[in-house]
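Structure record follows, encoded as structure tokens.
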């Protein structure tokens, strides 16, 4: 009986130390976010599409980004979201776009 108790206790202690740390997973998830910086090439408010001209290496690449209603905008200090935020943007403006690992737009910033 004592042997069984000691075995169960040691397994419990081992499980406690082997369990993954959730905070480490959250830090990894935050690292997967990426920033896209460039100039606005076109804005289609009806379709919710923002096209950014981004410099990659020695060439320029167009990135077509879908904007949903939960995307935050910070345009010249004015905070907004969704379509209302897209209306604040102007073609040719420099922007920084924060995306998650699946390239879902989280926030658009322009000065």
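Any residue at all in region 94-107 that is over 20 Å from the mean Cα position of the chain (by Cα) and loosely packed, with under 15 Cβ neighbours inside 10 Å? No; the residues of region 94-107 include none that is over 20 Å from the mean Cα position of the chain (by Cα) and loosely packed, with under 15 Cβ neighbours inside 10 Å. Consider region 64-92. How many of its residues are assigned to a strand (DSSP E or B) and under 12 Å from residue 105 (Cα atoms)? The qualifying residues number 6.
Among the residues of this structure, residue 59 does not count as one that is over 21 Å from residue 111 (Cβ atoms) and touching a strand residue (DSSP E or B) at 6+ places or on another chain (Cβ under 6 Å). When the test is whether a residue is surrounded by 11 or more Cβ atoms within 10 Å (Cβ to Cβ), farther than 12 Å from residue 108 by Cβ and touching a strand residue (DSSP E or B) at 6+ places or on another chain (Cβ under 6 Å), residue 51 passes it. All conditions but one from (1) touching a residue at least 60 places away in the same chain (Cβ under 8 Å); (2) part of a strand (DSSP E or B) apply to residue 50; the one that does not is (1). Considering (1) within 14 Å of residue 105 (Cα to Cα); (2) at pLDDT below 90; (3) surrounded by fewer than 14 Cβ atoms within 10 Å (Cβ to Cβ), the lone condition that residue 9 does not fulfil carries the number (1).
The values are calculated or read from the model by the stated rules, or taken from the named source; none is laboratory data. Everything quoted here is computed from the prediction, not taken from an experiment. Cβ sites come from the backbone with ideal geometry, for glycine too, and all protein chains shown count toward neighbours.
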